[in-house]
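Contents: one structure, followed by commentary.
The values are calculated or read from the model by the stated rules, or taken from the named source; none is laboratory data. From a predicted model like this one, the values you see are computed outputs, not experimental measurements. Methodologically, a virtual Cβ is constructed for each residue, glycine included, from the backbone with ideal geometry; neighbour enumeration extends over all protein chains shown.
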Amino acid sequence: MDTSLALTNDMLWVLGLVAFAMVMFLFERIRADVVSLVVLVVLGLTGLVAPEDLFGGFSSDAVMNVIATMILGAGLDRTGALNRLAGWLLRRAQGIEKRLVLLASLTAGLTSAIVPNTSATALFLPVASRLTARTGISLSRLLIPISAAIIMGGSLTMVGNSPLILLNDLLLSANASLPSGAASLTALKIFAPLPIGLALLAASLAYFYHFSERVLRESGDEAVTPARTQSYFARAYGIEGDLFELTVTADSPLVGMSVGDAEALVDMPLLLALRTGEESRLAPPADSRIWVGSVLGVMGRREAILDFAQKNFLRMSARLRVFADLFNPARAGISEAVIPPTSNFIGKTQAQLRLRKQYGLSLLAINRDGQVLRDDIRNLPLQAGDMLVLHSIWTDLADAARSRDFVVVTDYPKDEQRPHKFRLAMAIFAVAMLLALSSRLPTSIALMTGVAGMLVTGVLKVDEAYAAISWRTVFLIACLIPLGWAMDSSGAAAWLAGHTIERLPQGLPPWLVETALALLTTAFSMVIGHVGATIVLVPIAINLALAMNGNPTAFALIVALSASNNFVTAANPSISMIAGPAGYTVRDMWRSGGPLSAIYVVIIVAMVNLLY
C-alpha cells in the first residue's frame, strides 16, 4: 500500500462527514436517524457517491436481513414460544437462583443468534418479569446476565446483530478499491462466526455463574422488580390503597372542571376512570369535563379519599358498582414500561403525547435513575431509559406497545396469540435457517422465505409484520451504508491506514495491532453506537490489514465483533433498555461490564487468529 497517498478534497469531505456524525451521535442534539439522513444527502450533493448508488443501502442484503429477522422473531413470539420458554425455565431451575440465571441467560443468548439484540432484549424483558414475579429473585440479579448473553449470542451467526449483518456488504464493497493483485474479499457464511460466538457465550455464562456475588449487587428495596402486586407498587412508587367510586354532587366545586384541572387539586387521589352520562372509560383525557352525576374512579388510602370527598362534596362508595368490570384485574391494571433509545416519546411530555386520549394510558409515576417522580409528571419531558408506571386496559396497553415507543416489562394478558401455530412457525423458521445454511441462496432470500411462509400460513398478519419492524433502525443502517462505501472509494480509509502504519514501530506483531483495533472499536461503539463504529472502522481495518500483509477479513471481523463490546453505556440499546427496569446505576454497569469487556477482547482476538 502506498503510505504517501495525498489527501484529496474528496477525502476531506468524507472525513468531515465522519467527524460530524461522531459529534452528533455523541451529544444527541439531533436524532441518530436524522443525522444519518443528513450524511446521505451530503454524500449525494457532493458527488462522493453516484446518484444511482446513493440509495442502494435501502436495498442491501444487510437491511433485508434486519427486516427479516425482526419479523421472524415477532412470528415466534406471537405463537407463545416465550410463554412456553418461561414455564420450561421455571421447571428446570427448581427454584435455584444460579441455575435459573444460567438457563435464562443461555436461552437468551441462543435466541439472539437469530433475533437482533434489541428485539431479543424486548422479548426477554417480560420473560424475566414473569420469572422474578414467580420466584422472588431480584430483577437486578437477572437482567445484566441475560443482556450480556444476548450481546454475546449475537456473535453466533452473521444475522445476530447489526455489525455482523453490515459486515458482508462492507467486505464486498471494499473489492472495488483493493490494490492491483490483492485477492478479492468474499462474504462470510451465516455460521462463520459460530465458534467465536460459542466461546463468548460460554465465557459470559461462566463469568456470572462463578462471580455473580462479586459483580452483581445484592437485591434491595431500591431494585425494581416488575409484578402486578399492590405491595410492590406501594413499596417502589408509593402507589398504594384501594379503588373507590366518587359521585359528583351539585354542590361540588369539581362541576365543570376538566380532568386535568381536577388532578392539579391539592390531595387529589389518583384518578383512573370517569363516567359521564352513559360513557365509562379508564384513563379519561385531560380535557374531559366533570359534571353533576359524574362518577370518578380513584385509587388511594381510604382515609385520604374520605377526607377529599368531604371537602369537595362528593359521595364515596367503597363498593365498585359503575367500574367493577373496568377494574377487573383480568381486564385492566397497573404495568411498567421502559422507554428505549429509539422511542419517539423521548423529549416529549405526557401532555404533548396525550397518552390518555391517544392510547388510553394513565401515567402514574416515572422512575428515572432510581428516583421516583410523581409530581407534575404531566409536564415532564421523557428520557431514554425512563420507567413508566401505567394504568390501563390490557388491550389498550397491547395496542400502544405495538408502536415500539416503549417496551412493557410487566407480564400481562396480551393481544391475540396463536399457540396452535407454534409447530408450524418453528417448522418455517427451521426451513429458513436450513436454506441460509445451505449457501445456495443469499441469506436475505433465505430469511425472507421464512417471512413469506409465516404470512401465507397465518402465523403473522401483514400489519403485524409491518409493526414488528423498527423502521428507525432500518433507516439508520440504510443511510449510513453509503458512508462506508465513500470511505473506500475516496481513499480516506487507505489514507488513514497508511498514516497509521507509518507511526507504528517496525516488527509489531499483528495480534497486537488487532487488539488495539478491538479496543479502539469498543471505545467508538460507546460513543457513536455499534452501527456507526462498524461503518467507519471496517474500511480502515481492511486497509490496515493490506498495509501489514495481514488478512483483511480477519481484521474486519474483529471490528464487527468489537462493535458490540459495550456492556456499560446506553449507546448499546440492549443496555439502555435494562437499566431502568432493574434500577442499575453507572457503577453497577461498570462493575459487571468492565471485566466482561476485557474478556471479550481477549477471546475475539485469540479466536479470530486461531480461525483465520
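Among the listed residues V49, V42, which satisfies the condition of being modelled with pLDDT of 85 or more, in a helix (DSSP H, G or I), more than 23 Å from P126 (Cβ to Cβ) and not small (G, A, S)? Steps first, answer last, please.
Values: V49 fails: in a helix (DSSP H, G or I).
Only one candidate passes the filter, namely V42.
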I'd like the full set of residues that are part of a loop (DSSP other than H, G, I, E, B), among the small types (G, A, S) and touching a residue at least 40 places away in the same chain (Cβ under 8 Å), limited to the stretch 266-302.
A283, A286, G293, S294
Filter the stretch 496-526 down to residues that are at pLDDT below 75 and of a type in the set (S, T, N, Q) and give me whichever is nearest to the chain's Cα centre (by Cα).
T500
Tell me, please, whether a residue that is crowded, with 24+ Cβ neighbours inside 10 Å, under 23 Å from the mean Cα position of the chain (by Cα), at pLDDT below 85 and among the aromatic types (F, W, Y) can be found in the stretch 595-606.
no
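I'd like the full set of residues that are out of contact with any His (no Cβ under 8 Å at 6 or more places or on another chain) and not polar (S, T, N, Q), limited to the stretch 161-177.
If the condition is that a residue be out of contact with any His (no Cβ under 8 Å at 6 or more places or on another chain) and not polar (S, T, N, Q), then L164, I165, L166, L167, D169, L170, L171, L172, A174, A176 are the ones that fit.
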Among the residues of the stretch 349-380 satisfying the criterion of being under 23 Å from the mean Cα position of the chain (by Cα) and among the charged types (D, E, K, R), which is modelled with the lowest pLDDT?
D369
Going through the stretch 384-407 in order, the residues found to be of a type in the set (S, T, N, Q) and in contact with a strand residue (DSSP E or B) (Cβ under 8 Å, 6 or more places away or on another chain) are S392
Just wondering, is there one or more residues in the stretch 475-489 that are within 20 Å of L170 (Cα to Cα), surrounded by fewer than 23 Cβ atoms within 10 Å (Cβ to Cβ) and β-branched (V, I, T)?
no
Are there any pairs with C-beta distances below 6 angstrom linking a residue in the stretch 245-264 that is crowded, with 19+ Cβ neighbours inside 10 Å to a residue that is at pLDDT below 90 and assigned to a loop (DSSP other than H, G, I, E, B), with the two at least 6 apart or on different chains, and if so which?
E245/V322; V259/P284; V259/A286; V259/S288
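With G300, G238 as the choices, which residue is over 22 Å from D396 (Cβ atoms), touching a Pro at 6+ places or on another chain (Cβ under 8 Å) and modelled with pLDDT under 85?
Values: G238 fails: touching a Pro at 6+ places or on another chain (Cβ under 8 Å).
None of the other options fit; the residue is G300.
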Against the conditions (1) more than 28 Å from I578 (Cβ to Cβ); (2) surrounded by 15 or more Cβ atoms within 10 Å (Cβ to Cβ), where does I377 fall short? Just the number, please.
(1)
Looking at the stretch 249-265, which of the residues that are under 20 Å from A351 (Cβ atoms) and not in a helix (DSSP H, G or I) is modelled with the lowest pLDDT?
A264
In the stretch 151-194, what count of residues is obtained for those that are under 17 Å from N565 (Cα atoms) and either polar (S, T, N, Q) or assigned to a helix (DSSP H, G or I) (or both)?
13
Flagged pairs (Cβ under 9 angstrom, 6 or more apart or on separate chains; first in the stretch 354-372, assigned by TED's automatic domain parsing to the domain that holds I393; second of a type in the set (F, W, Y) and modelled with pLDDT under 85) are L364/F233; L364/Y237; A365/F233; A365/Y237; N367/Y237; G370/Y584; V372/Y237
What residue, of G277, G293, is surrounded by fewer than 19 Cβ atoms within 10 Å (Cβ to Cβ), closer than 17 Å to T249 by Cα and either touching a Phe, Trp or Tyr at 6+ places or on another chain (Cβ under 6 Å) or modelled with pLDDT of 90 or more (or both)?
G293
Hey, does the stretch 167-174 have a residue that's among the hydroxyl-bearing types (S, T, Y), surrounded by 19 or more Cβ atoms within 10 Å (Cβ to Cβ) and over 27 Å from the mean Cα position of the chain (by Cα)?
yes
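Looking only at the stretch 389-399, filter to residues that are among the hydrophobic types (A, V, I, L, M, F, W, C) and touching a Leu at 6+ places or on another chain (Cβ under 6 Å); which one of those is nearest to L373 (Cα to Cα)? Walk me through it before giving the result.
First pass over the stretch 389-399, keeping only residues among the hydrophobic types (A, V, I, L, M, F, W, C): 389-390, 393-394, 397-398.
Now narrow it down to the ones that are touching a Leu at 6+ places or on another chain (Cβ under 6 Å): 389-390, 393.
On the way: V389: 10, L390: 13, I393: 23 Å.
My answer is V389.
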